[in-house]
Amino acid sequence: MSQKININRRVVLAVRPNGLPDKNTLKLEQSAVPKPAAGEMLLRTSYLSLDPYMRGRMNDTKSYAEPVKLGEVMTGQVVAEVVESTCDGFAAGDYVLSGSGWQDYALSDGEGIRNLGKNPQNPSWFLGILGMPGYTAYAGLLKIGEPKPGETVVVAAASGPVGATVGQIAKIKGCRVVGIAGGADKCAHVVENLGFDACIDHKADDFAQQLKDACPDGVDVYFENVGGRVLYAVLPLLNAFARMPVCGVVSWYNLTGLPEGPDFGPAIMGTILRMKVKVEGFIIFDSFPASLFKDFVRDMSGWLESGQVQYKEQVVEGLDQAPEALNDLLLGNCFGKMVVKVS
């Protein structure tokens, strides 16, 4: 079902999931299209971003942001078109970056909305390489990882929107870059198209040994967004004074208890202590000064124009396909930045 001018499809959180979200977790509802009041604008969603953090927002637990309430529209960033507006600085036909979530239409007073202009080139890219994932890679690597020429940078989920960008920026900064991805096709893409020095398949039986062989001088920066066995394989390779920016642990998001197997807590903390590792978690919207975003837009726009950074996107057609696509994302069954074409 495509968008209608008089129906607003909304995907709401119906039940809090226990483990991986199932068919009961998110429910597609229909309502009337809302009417903007004075000083408001009506937005029609064009593209919806799917991101791992969404799984955490389904839980009723303390975190960096309020959980989605039951019956509430699922949270998410979108690129939307302004249908009508009496909101200063916005006019019909403008495209905007908004946090209006999994629905066709939304109202806004303009607060926190970024105007992208009438005809932005590659509008969905503002949900990826020119948006939150790209900025996460840029700020986390450069401000926490602090890569230096000749150092070895290891990147988890290297074919994803954050990892792929981290590795390419590290190459620009003169580092040896080793990616970790799931499957031969992803690993080939990371090396052949993104320019990494090596990429190791974490599904391989001898993954840890392959990673060690690819990092003969150890690891100076490990960009963490996966956790699990990938983290455990990297730990013994960390050099003294290594840096570990942490923006996610997607392999653990669906756990309902402690991971199976031995407790690696002592090994993790022991390595941090002995090797004097700097580990810093960050949430992109409040961990860095606002001025850094301007630097990111300037640098990333230049790298894209020059071809120093390549970008891969996976587009899913239809809002009704978003729940299944999110599960694919959480399970690693995606290739590139995943967005839903809603219109």
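The values are calculated or read from the model by the stated rules, or taken from the named source; none is laboratory data. Everything numeric in this text was worked out from a predicted model, so none of it was measured. Positions of Cβ are generated from backbone atoms using ideal geometry, with glycine treated the same way; all protein chains shown enter the neighbour counts. Protein only, heavy atoms only, side chains kept; ligands, DNA and RNA dropped before computing areas. Shrake-Rupley method; radii C 1.70, N 1.55, O 1.52, S 1.80 Å.
Any residue at all in the range 42-52 that is open to solvent by 20 Å² or more (accessible area, probe 1.4 Å), over 24 Å from Leu331 (Cβ atoms) and in contact (Cβ under 8 Å) with a residue 24 or more places away in the chain? Yes, the range 42-52 has at least one match.
Taking the range 136-167 as the range and being assigned to a helix (DSSP H, G or I) and open to solvent by 20 Å² or more (accessible area, probe 1.4 Å) as the test, the residues that pass are Leu142, Lys143, Pro161, Val162. Summed over the range 263-285, residues that are open to solvent by 30 Å² or more (accessible area, probe 1.4 Å) and assigned to a loop (DSSP other than H, G, I, E, B) total 6.
For residues that are surrounded by 15 or more Cβ atoms within 10 Å (Cβ to Cβ) and of a type outside the set (A, V, I, L, M), scanning just the range 321-339, find the one that is nearest to the chain's Cα centre (by Cα).
Selected residue: Lys337.
Please determine whether any residue of the range 236-259 is at pLDDT 95 or above, of a type in the set (S, T, N, Q) and either more than 30 Å from Ile7 (Cα to Cα) or in contact with a helix residue (DSSP H, G or I) (Cβ under 7 Å, 6 or more places away or on another chain) (or both). There is at least one residue in the range 236-259 that is at pLDDT 95 or above, of a type in the set (S, T, N, Q) and either more than 30 Å from Ile7 (Cα to Cα) or in contact with a helix residue (DSSP H, G or I) (Cβ under 7 Å, 6 or more places away or on another chain) (or both). Please determine, by comparing only the residues of the range 1-14 that are part of a loop (DSSP other than H, G, I, E, B) and either at pLDDT 95 or above or of a type outside the set (Ser, Thr, Tyr) (or both), which one is surrounded by the most Cβ atoms within 10 Å (Cβ to Cβ). Among them, the one singled out is Gln3.
Only one entry of Glu260, Glu192, Glu224 meets the criterion of being in contact (Cβ under 8 Å) with a residue 40 or more places away in the chain and either under 30 Å from Arg16 (Cβ atoms) or open to solvent by 30 Å² or more (accessible area, probe 1.4 Å) (or both), and that entry is Glu224.
Here is a yes/no grid of residues against (1) part of a helix (DSSP H, G or I); (2) under 22 Å from Gly76 (Cβ atoms); (3) among the aromatic types (Phe, Trp, Tyr):
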{"residue": "Asp295", "(1), (2), (3)": "yes, no, no"}
{"residue": "Arg298", "(1), (2), (3)": "yes, no, no"}
{"residue": "Leu304", "(1), (2), (3)": "yes, no, no"}
{"residue": "Gln308", "(1), (2), (3)": "no, no, no"}
{"residue": "Gln314", "(1), (2), (3)": "no, yes, no"}
{"residue": "Ala325", "(1), (2), (3)": "yes, yes, no"}
{"residue": "Leu329", "(1), (2), (3)": "yes, yes, no"}
{"residue": "Asn333", "(1), (2), (3)": "no, yes, no"}
{"residue": "Val339", "(1), (2), (3)": "no, yes, no"}
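If you go through the range 21-63 and keep only what is under 20 Å from Gly131 (Cα atoms) and among the hydroxyl-bearing types (Ser, Thr, Tyr), you end up with Thr45, Ser46, Tyr47, Ser49, Tyr53.
Here's the yes/no breakdown for (1) over 16 Å from the mean Cα position of the chain (by Cα); (2) aromatic (Phe, Trp, Tyr); (3) under 19 Å from Tyr222 (Cα atoms):
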| site | (1), (2), (3) |
| --- | --- |
| Arg274 | yes, no, yes |
| Gly281 | no, no, yes |
| Phe285 | no, yes, no |
| Pro289 | yes, no, no |
| Arg298 | yes, no, no |
| Gly302 | yes, no, no |
| Ser306 | yes, no, no |
| Tyr311 | no, yes, no |
| Lys341 | yes, no, no |
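Could you look through the range 55-65, keep only residues that are within 14 Å of Arg16 (Cβ to Cβ) and not small (Gly, Ala, Ser), and pick out the one that is surrounded by the fewest Cβ atoms within 10 Å (Cβ to Cβ)? The selected residue is Thr61.
If the condition is being touching a Gly at 6+ places or on another chain (Cβ under 8 Å) and under 21 Å from Val249 (Cβ atoms), then the range 288-335 contributes Gly332, Cys334. If you go through the range 250-257 one residue at a time, do you hit one that is open to solvent by 80 Å² or more (accessible area, probe 1.4 Å) and within 26 Å of Met54 (Cβ to Cβ)? Yes, some residue in the range 250-257 is open to solvent by 80 Å² or more (accessible area, probe 1.4 Å) and within 26 Å of Met54 (Cβ to Cβ).
Scanning the range 168-227 for residues that are polar (S, T, N, Q), more than 20 Å from Pro52 (Cβ to Cβ) and in a loop (DSSP other than H, G, I, E, B) yields a total of 1. A Cβ distance below 6 Å, combined with a sequence gap of six or more or placement on separate chains, defines the contacts here; from the range 100-118, residues that are surrounded by 20 or more Cβ atoms within 10 Å (Cβ to Cβ) reach residues that are among the basic types (Lys, Arg) in the pairs Gln103/Arg10; Asp104/Arg9; Tyr105/Arg44.
Six or more apart or on different chains, Cβ atoms under 9 Å: show the pairs whose first residue is in the range 131-157 and more than 20 Å from Gly195 (Cα to Cα) and among the β-branched types (Val, Ile, Thr) and whose second is open to solvent by 10 Å² or more (accessible area, probe 1.4 Å) and assigned to a strand (DSSP E or B). The qualifying pairs are Ile144/Arg243; Ile144/Met244; Ile144/Val246; Ile144/Lys278; Ile144/Glu280.
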